[in-house]
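Student: Got a structure for you, questions after.
The values are calculated or read from the model by the stated rules, or taken from the named source; none is laboratory data. Small disclaimer: the values here were computed from a predicted structure and weren't measured. Every residue, glycine as well, gets a Cβ built from its backbone with ideal geometry; the counts of neighbours run over all protein chains shown.
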Amino acid sequence: METADHDKQQQPLSERVAAELIAHIVQSGLKRGDKLPNEKLLCEKLEVGRSTLREAVRMLASRNILVVKHGSGIYVSDRPGLSDDPLGFAFIRDKERLVLDLVDFRLMIEPRTAALAAQKADPRQIAELKELCLQVETQIAQGKSHARADAAFHTKLGELSGNLIMPNLEPILFSAIELFAHLCTENSRGETVSSHRQIVQAIEEHDAMGAMDAMVMHLALNRSSLITFLQQEKRAEQGAEEREQP
């Protein structure tokens with residue numbers, strides 16, 4: 001205990017204040033998007049000056065825990081603690097392998113998630129899932145990118161599973177879906193509509209095995225479409241190189 005107290009004392013004041021701000025958010029039950037007390041009240045509560053408080057807030061804003069809206073106040077982030085690229089996918093050069101590995105990762109996780117959602121979802125949650133399913137279909141029908149709507153659909157499944165970790169995997173899921181949506185063909189877009197409907201139906205019927213099977217089929221077909229697309233691209237590139245040779 002003495003060592004822990006000593007380490008705490010060695011921390012810069014702004015870091016200690018940042019930790020106390022996180023504790024305040026948790027203990028006060030503040031949720032995503034909620035507003036914190038104004039600077040004056042926070043300084044009084046934490047017994048620090050404004051410069052120290054502002055440095056602590058900047059630290060937490062850089063970690064996507066707080067959002068400062070000038071002229072309005074300090075708010076809890078909509079995605080507290082989550083960066084857009086937590087695993088550094090932007091720095092992986094082999095995007096073809098990355099997207100296939102992401103689908104494989106999803107095959108490890110999401111079928112079980114769908115099964116849990118089927119077991120636990122209530123009527124209100126199922127209605128929300130149906131609405132997200134419809135948004136994906138609308139984006140596809142209008143020829144627009146459906147990546148964000150698709151990620152929202154799969155994130156909602158994570159929420160419905162009741163597992164606290166799953167919604168926090170959203171950045172990883174979005175990276176996988178965004179990469180796939182960029183590469184996918186007309187056939188795979190149609191498959192997305194069909195598979196999403198099957199997943200929703202199984203969850204509405206509280207059919208855990210059916211939801212799991214529908215998700216496995218959805219992701220397996222995604223993977224198959226990707227492999228076919230990438231093979232076609234590779235053959236096209238090889239053909240172009242051969243034509244350029246004297």
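Student: Just to check your reading of the model, which residue among A114, A56 is in the same structural domain as N168 (by TED's automatic domain parsing), of a type in the set (A, V, I, L, M, F, W, C) and at pLDDT 90 or above?
Tutor: Working: A56 fails: in the same structural domain as N168 (by TED's automatic domain parsing).
That would be A114, the only listed residue that is in the same structural domain as N168 (by TED's automatic domain parsing), of a type in the set (A, V, I, L, M, F, W, C) and at pLDDT 90 or above.
Student: Would you check if there is a residue in region 23-30 being surrounded by 13 or more Cβ atoms within 10 Å (Cβ to Cβ) and either in contact with a Pro (Cβ under 9 Å, 6 or more places away or on another chain) or of a type in the set (F, W, Y) (or both)?
Tutor: Checked against the condition, which is being surrounded by 13 or more Cβ atoms within 10 Å (Cβ to Cβ) and either in contact with a Pro (Cβ under 9 Å, 6 or more places away or on another chain) or of a type in the set (F, W, Y) (or both), region 23-30 yields at least one hit.
Student: Separate question: So, of the residues in region 74-107 that are of a type in the set (G, A, S) and over 15 Å from R32 (Cβ atoms), which turns out to be modelled with the highest pLDDT? Break it down into steps so the answer makes sense when it comes.
Tutor: Step one: filter region 74-107 for residues of a type in the set (G, A, S), giving 77, 81, 83, 88, 90.
In the following step, the residues that additionally are over 15 Å from R32 (Cβ atoms) were identified as 83, 88, 90.
Working: S83: 61, G88: 68, A90: 63.
Here the residue is G88.
Student: Let me ask something else. Give the residues of region 29-69 that are under 25 Å from the mean Cα position of the chain (by Cα) and in a loop (DSSP other than H, G, I, E, B), sorted by residue number.
Tutor: Correct list: G29, L30, K31, R32, G33, D34, L36, R63, N64, I65.
Student: I177 - would you say it is modelled with pLDDT of 85 or more and buried (at least 19 other Cβ atoms within 10 Å of the Cβ)? Reasoning before the result, please.
Tutor: Numbers: modelled with pLDDT of 85 or more: no; buried (at least 19 other Cβ atoms within 10 Å of the Cβ): yes.
So I177 fails the test.
Student: What's the total number of residues in region 214-246 that are free of Cβ contacts under 8 Å to residues at least 60 places away in the same chain and surrounded by 15 or more Cβ atoms within 10 Å (Cβ to Cβ)?
Tutor: Residues meeting the conditions: 5.
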